[in-house]
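For reference, the structure is listed below as structure tokens.
The values are calculated or read from the model by the stated rules, or taken from the named source; none is laboratory data. Computed from a predicted model, the values in this text were never measured in an experiment. Ideal geometry is used to build each Cβ from the backbone, glycine not excepted, and the neighbour counts take in all protein chains shown.
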Amino acid sequence: MKQRHYNSRHGRAVAIWPLALAVLQALVLSGCGKETATAAPAAATVPEVGVITIQPQSLTVTNELPGRTSAYRIAQVRARVDGIVTKRTYAEGSDVQAGQLLFQIDPAPYQAALASAQANLSRAQANLVSTTALAERDKVLIEGNAISKQDYDNAIAGQSQAAADVAAGQAAVLTANINLGYTEVRAPVSGRIGAAQVTEGGYVQASSATLLATVQQLHPIYVDLNQTSVEGLRLRREVASGRLQLHGPRQARVHLTLEDGSAYALEGTLEFTDVTVDPGTGMVTVRALFPNPQHVLLPGMFVRAQIDEGVNAQTVLVPQVGVTHNAKGEATALVVGEDNKVLAKTIVTGRTVGAQWVVESGLQASDRVIVEGGQRLQPGQIVRPVESRNPQGRSVSASIVTDPTHAPSQANSGAPPVPPPAAPPAVPSAPPAGAAH
């Protein structure tokens, strides 16, 4: 009887051990769950973002325009008298000086015309002497009423007519001299002369102004550029608002890039901007002047010019990585506010300078624009801003870590480290069957 009672108590004890073990495991798991839930918020740390602080700076405003070169002076050498070309005195493609003899036209007919004009002038001068003497005698006679008034008037008229004939003769001599001088065709300007359009023995005419050659002055040389009327309007608006300070209408610096991509060594100046817009293309001609002592630039060459239009002393630059576009296509930037909350601002961008946007409006001085780690941020989220060490646009992403097994370190996140979960208490093992109490 006693043995049966002992076995009964032993059986109840053996049956209770599994239930106690299950309860203890449940308590341990419950404690671990609470510690994990406590650690999770600590893992969701405030993200660190790289920012740049907006500082308006002085920026030289440049505009690159295509264009072509044109000669500073172009003189077409044409025949001004009729005749046969007897001589060409220059080498084609050479440099000539103003007044240098280029062609000789047969002067014989014009020498004869000059001699004839001179003879007519001498006859007129002789007639003037005779009529003048007659008028002087008649003046004395008319005072004594020795001749009639009519005879005296005729003598005076004859003298005046002879004087007119002398003047006409002098003009004829001058004309003959001019025509004779035109038989020597000289360079009107200094420059480089092209190919001859006529050869020795060719007949030229003054009535058709026969082209003989062309002289072009290449030093200095013009560069005619094409600028859109929109760019011209923007430039005038910025000057009027005071944002752009011009060097001066004749002092704006211009640099050239040649057809092969090389830079032209000498600097030019802006001469003028045309006042008429081409209705077909919407372009305005801008002319620049360049020195060309070595004749590197030839008329008709295609070039690209960079015009220093002025200096904008309040330029706002933002790296391109810090600018995105919303669903409407508007440019936006994420800015850290005073309370370290993320703000989304709509901005207006202009041209690019390297890897940066020129911001026309939407940002102010001292704004902190996020350029690193902004991929998963939302407006209103609290962040920890630090000055970016890479402000020129390379993106360095920083995602928010919520997995406690991959929580950021204290040095990176600024939050205290997450303690490891406590080890569960040891669970006593069940006594072996048949053990004595």
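Could you tell me whether any residue of the range 91-100 is in a strand (DSSP E or B) and at pLDDT 90 or above? Within the range 91-100 (the criterion being in a strand (DSSP E or B) and at pLDDT 90 or above), the answer is yes, since at least one residue qualifies.
If you check residue 322 against the conditions, is it under 29 Å from the mean Cα position of the chain (by Cα) and farther than 27 Å from residue 232 by Cα? Yes. Of everything in the range 60-111, what is surrounded by fewer than 19 Cβ atoms within 10 Å (Cβ to Cβ) and of a type in the set (A, V, I, L, M, F, W, C)? Give them in sequence order. Hits for the range 60-111 are 74, 75, 84, 91, 98, 101, 108.
A search for C-beta distances below 7 Å between a residue of the range 324-343 that is assigned by TED's automatic domain parsing to the domain that holds residue 386 and any residue that is small (Gly, Ala, Ser) and part of a strand (DSSP E or B), counting only pairs 6+ apart in sequence or on different chains, returns 325/331; 332/344; 334/344. Return a yes/no flag: does the range 110-124 have any residue that is assigned by TED's automatic domain parsing to the domain that holds residue 175, under 23 Å from residue 165 (Cβ atoms) and of a type in the set (Lys, Arg). Scanning the range 110-124 turns up at least one residue that is assigned by TED's automatic domain parsing to the domain that holds residue 175, under 23 Å from residue 165 (Cβ atoms) and of a type in the set (Lys, Arg). Taking every residue in the range 168-179 that is in contact (Cβ under 8 Å) with a residue 60 or more places away in the chain and pairing it with any residue that is among the aromatic types (Phe, Trp, Tyr), at least 6 positions away or on another chain, the pairs with Cβ-Cβ distances below 7 Å are 176/110; 179/110. Looking only at residues in the range 67-122 that are aliphatic (A, V, I, L, M) and in contact with a helix residue (DSSP H, G or I) (Cβ under 6 Å, 6 or more places away or on another chain), the one that is nearest to residue 256 (Cα to Cα) is 81.
If only one of 274, 278, 308 is of a type in the set (D, E, K, R), under 21 Å from residue 66 (Cβ atoms) and touching a residue at least 40 places away in the same chain (Cβ under 8 Å), which one is it?
Testing whether each residue is of a type in the set (D, E, K, R), under 21 Å from residue 66 (Cβ atoms) and touching a residue at least 40 places away in the same chain (Cβ under 8 Å) leaves just 308.
Just one of (1) closer than 28 Å to residue 217 by Cβ; (2) of a type in the set (A, V, I, L, M, F, W, C); (3) touching a residue at least 24 places away in the same chain (Cβ under 8 Å) fails for residue 114. It is (1). Taking residue 224 as meeting all but one of (1) more than 27 Å from residue 255 (Cα to Cα); (2) within 40 Å of the chain's Cα centre (by Cα); (3) among the acidic types (Asp, Glu), write down the number of the exception. Failing condition for residue 224: (1). Within the option set 135, 119, being within 30 Å of residue 181 (Cα to Cα) and assigned to a helix (DSSP H, G or I) holds for one residue only, 119. Just to be sure before I move on: is residue 319 closer than 30 Å to residue 46 by Cβ, modelled with pLDDT of 90 or more and not acidic (Asp, Glu) in the structure I sent? Taking the combined requirement at face value, the residue satisfies it. Residues considered: 150, 104, 97. Of these, the only one that is assigned by TED's automatic domain parsing to the domain that holds residue 83 and over 29 Å from residue 74 (Cα atoms) is 150. Checked against (1) of a type in the set (Gly, Ala, Ser); (2) in a strand (DSSP E or B); (3) in the same structural domain as residue 253 (by TED's automatic domain parsing), residue 300 passes all but condition (2).
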